[in-house]
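The values are calculated or read from the model by the stated rules, or taken from the named source; none is laboratory data. No experiment lies behind these values; they were computed from the predicted model shown. All Cβ positions, even for glycine, are placed from backbone atoms using ideal geometry, and neighbour counts span all protein chains on display. Heavy atoms of the whole protein, side chains included, go into the accessibility calculation; ligands, DNA and RNA do not. Shrake-Rupley method; radii C 1.70, N 1.55, O 1.52, S 1.80 Å.
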Amino acid sequence: MEGFTPWPDEFAQEYRRAGFWLDRTITEVMDESFAKYAVRTALITSGGRELTYGELGNLVTRLALHLVTLGLRKHDRLILQMPNIPEVVITYLAALKAGAIPIMALFAHREAEISYFAELSQARAVAVAAEWRGFDYQEMVSHVQAKNPQLETVLVAGGDPRNGSRSIDAMLEDPIENRVGADELPRPDPSLPAVLLLSGGTTGIPKLIPRTHNDYVYNFLCNADVCKLDEDTISLIAIPQEHNFAVACPGLKGVLSTGGCEVLSDNPGPEAMMELIARYRVTHCVAVPTMIVGMLNHPNRSQYDLSSLEVILTGGSKLSPEIAVRIEPELGCDVQQVLGMAEGPLYWTRRDDPVEVRLHTQGRPQSPGDEFKVVDPFTGEEAPRGEVGELWCRGPHIIRGYYRAPEHNAKAFTEDGFYKSGDLVRLHPSGNIVVEGRIKDCINRGGEKISAEEVENHIVAHPAVINCAYVAMPDPLLGERACVYVIPRPGSTITLQSLNEFLLGERKIAKFKLPERLELVDAFPLTAVGKVNKNALRQTIADKITQERKSA
Ligand code: OOB
């Protein structure tokens, strides 16, 4: 497939020989579960809807048949952008069953991001919710279509479909399986991309990440094993379902492959999460560290019976040691940490690791097929054991290249196929790794990644801005928030509010990327080679915030 970098043959052969790659499609693995666990509950949503495996499987097949009948072809890209409603699960699995490749957008994305994904992928279809939190997605899609005529098919969940959009609700009501045979559904090649994930971590403009059936099936089966999921698992997911963590680490597919139940919530607030844990006797709670802080500090926590909780699975940003030590005594459950990346690497602590390792490291590779190195990013030489270096990874579920990004791939991967993660880590004496920072230019806002370069390109389009530098500032709840340093055009005025109105109204970017502080300067500090010294800017703003807190 054009734009996709496969694993070299000798690796593919080895991954098959070792039993990592099964040459099965995601649909085949899911269909086996739908049949095997037919009467068990597969999905409960915070809106109160419950579906058994049998019911979910039937809806997935029905929608898949509608999609092929609408003209969706094998390997067509379909942008999936919905909040955590039942249709996000059904549409995702149906797109796969129809042989299409879903692009896993987030409901927070706006016209700028969706247009970019549509253009890069030449997507032919998009599936959205009609409305969410007051935002009209059909209206947004009509603007995306104006620039992307190939985006022919618009599928809408809820609301009234407009301008030729198709209603997902109506398709789910229409038993097309009585008219169209399952032999209309194509079988994709398991060694080709099944899904395109969004990069969170990379420097520059967000990339699309091709995950093949072989690597992604192994990703969730192995992860379900490492997190000890089984038929009794009840897993709460309140982070966006389209994110890799929620869909495959072990996520939706890990749960469905083992006969458990996913409780899917559209409310990531701590009280809503505790309410669902108590109501559905949740055993495994998926949470970014910010959510854990929210639950630990919630004044009404004692009102909720959290005794069913066995473990919190946490990752996306670093769990601080101060929070880690409070989880077991205060929430009464274990914690399992993951350093995960959409590019594939998954480092997990294990439930039987010694307490020091469970609480104070971010794990070790989940797969015995994974290789990693901690290196000096400038020389590529391995760092002395125990010292900080960049994490480079390679393995059976780690990609060999981004989608349609040859120039970036040459920088992001070594010649022998290691992915240069941009994360700074240290090897712990246990053999696990500890995350110490990063060298890539992005902000991690409570697990939500923002590429600095992407937002800077929008900010410099503002008429009052000569130049800007978008950097992380420390935040007690989210870990980091974005601060922008701006060199203003002489004689013009700019405020944080006017800048953000411009970014939302004119540039149409997702709200979570807006800077939360503006600093006006005459010039930027420079490095020895003349680049903007972002380390110095990060330090300056961190010091300033510390000073302000002291004097407050
Ligand atoms: C997950 O994936 P992405 O692709 O949104 O973000 C990846 C980046 C990593 O490179 C690292 O910078 C950061 O997020 N990160 C962590 C972390 N887990 C991820 N930083 C410190 N400590 C951790 N435990 O975020 C993701 C994918 C699958 C499962 C879980 C998280």
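Summary of values
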{"quantity": "Segment 313-438, relative contact order in percent, only Cα pairs under 8 angstrom and at least six apart counted", "calculated": "20 percent"}
{"quantity": "Fraction in percent of alpha-carbon pairs per bin - 10 Å, segment 56-211", "calculated": "11, 43, 36, 9, 1"}
{"quantity": "Average accessible area per residue (Å²) across segment 56-211 - probe 1.4 Å, nucleic acids and ligands excluded", "calculated": "34 Å²"}
{"quantity": "Out-of-range pairs (alpha-carbon distance over 29 Å; input Lys36/Lys207; Lys74/Lys228; Lys207/Lys373; Lys207/Lys318; Lys373/Lys440; Lys420/Lys550)", "calculated": "Lys36/Lys207; Lys74/Lys228; Lys420/Lys550"}
{"quantity": "Computed magnitude of the charge dipole of segment 446-551 (debye, nearest 20; Cβ of K, R +1, Cβ of D, E -1)", "calculated": "80 debye"}
{"quantity": "Alpha-carbon centroids, segment 216-263 and segment 283-309: separation in whole Å", "calculated": "19 Å"}
{"quantity": "Distant-in-sequence amide H partners of Glu516 (H built 1.01 Å from N, under 5 Å)", "calculated": "Ala482, Cys483, Val484"}
{"quantity": "Test item: Cα-centred dipole of segment 390-527, Lys/Arg +1 and Asp/Glu -1 on Cβ, debye", "calculated": "340 debye"}
{"quantity": "Cα centroid of segment 522-547 to Cα centroid of segment 467-483, whole Å", "calculated": "12 Å"}
{"quantity": "Per residue accessible area of segment 446-551, 1.4 Å probe, in Å²", "calculated": "51 Å²"}
{"quantity": "Average Cα contact separation per residue, segment 446-551, under 8 Å, 6 or more apart, as relative contact order %", "calculated": "24 percent"}
{"quantity": "Alpha carbon convex hull of the chain, projected area averaged over orientations, nm²", "calculated": "26.1 nm²"}
{"quantity": "Relative contact order (percent, whole number), the chain, Cα cutoff 8 Å, 6+ residue spacing", "calculated": "12 percent"}
{"quantity": "Trypsin sites (Lys or Arg not before Pro) lying in DSSP loop within segment 478-551, provided at most 14 other Cβ fall within 10 Å", "calculated": "Lys531"}
{"quantity": "Principal axis box of segment 315-393, alpha-carbon based, largest edge first, Å", "calculated": "45, 24, 22"}
{"quantity": "Of all accessible heavy-atom area on the chain, the percent that carbon and sulfur account for (1.4 Å)", "calculated": "51 percent"}
{"quantity": "Point-charge dipole on Cβ atoms (K/R +1, D/E -1) for the chain, about Cα centre, debye to 20", "calculated": "740 debye"}
{"quantity": "Computed [θ] at 222 nm, helices only, for the chain once each DSSP H run of length n ≥ 4 contributes -39500 (n - 2.57)", "calculated": "-10000 deg cm²/dmol"}
